[in-house]
Amino acid sequence: MPKLRRAQTNFAQGEFSPLMNSRRDLQLFRNGAASLLNRRPLSQGGTTTRPAFEHIATLSYTPAILIAARFRADQRYVFVLSDGRLDAWTSDGTACTAVTGCAWTSAMLDTINWCIAGDTILILHESMPTQRVTRTGATTFTIKTSQSNHVP
């Protein structure tokens, strides 16, 4: 018996887990893809290529993790967390703020989590109190320890 092939023009459901391969009966299965490597789904249904990476700076301290933050369309930053240090960079590679004496260590970097809301980034780890990074100006940031680790 010949195999039936359907043209797929809609990837609005994004990329599926391999566990979805057996759920071909679902309508959303027809709107997804097994892999979207270097592609980004569009809300209209198709895909577009992912923007290329651009080398903007070389870090002199490792290991480090990078956190991308966008406060507005024209205000994008990259935060670099390394051993007891936080560095903020603009998206064009201009250094903004360097904060030393932070509560995290290089051993904690693999398990640090963060949450971005408005002009604030919460940096979370089970071994330290929650750290609150606040944007105080276009290129200035402060970091404070939250009084409580309980989220209301």
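Residue by residue through the range 124-137, note down the ones that are among the charged types (D, E, K, R) and crowded, with 16+ Cβ neighbours inside 10 Å.
Arg135
Only one of (1) over 27 Å from Ala88 (Cα atoms); (2) open to solvent by less than 100 Å² (accessible area, probe 1.4 Å); (3) modelled with pLDDT of 75 or more fails for Arg30. Which number is that?
Of (1) over 27 Å from Ala88 (Cα atoms); (2) open to solvent by less than 100 Å² (accessible area, probe 1.4 Å); (3) modelled with pLDDT of 75 or more, only one is false for Arg30: (3).
Taking the condition of being of a type in the set (Ser, Thr, Tyr) and more than 20 Å from the chain's Cα centre (by Cα), how many residues in the range 14-42 meet it?
Count: 1.
Taking Ser60 as the residue in question, decide whether it is without any contact (Cβ under 8 Å) to a residue 12 or more places away in the chain and loosely packed, with under 12 Cβ neighbours inside 10 Å.
Against the criterion (without any contact (Cβ under 8 Å) to a residue 12 or more places away in the chain and loosely packed, with under 12 Cβ neighbours inside 10 Å), Ser60 qualifies.
Can you tell me which condition Phe11 does not meet? The list is (1) part of a loop (DSSP other than H, G, I, E, B); (2) open to solvent by 100 Å² or more (accessible area, probe 1.4 Å); (3) touching a strand residue (DSSP E or B) at 6+ places or on another chain (Cβ under 6 Å), and all the others hold.
So Phe11 meets the others, but not (2).
With the range 71-123 as the region, which strands (runs of 3 or more DSSP E) entirely inside it contain at least 1 residues that are open to solvent by less than 40 Å² (accessible area, probe 1.4 Å)?
Where strands (runs of 3 or more DSSP E) fall fully within the range 71-123 and carry at least 1 residues being open to solvent by less than 40 Å² (accessible area, probe 1.4 Å), they are 75-82, 85-90, 95-100.
The values are calculated or read from the model by the stated rules, or taken from the named source; none is laboratory data. Fair warning: this is a prediction, and the values are worked out from it, not measured in the lab. Virtual Cβ from ideal backbone geometry, glycine too; neighbours counted across all protein chains shown. With ligands, DNA and RNA removed, areas are computed over all heavy atoms of the protein, side chains included. Shrake-Rupley method; radii C 1.70, N 1.55, O 1.52, S 1.80 Å.
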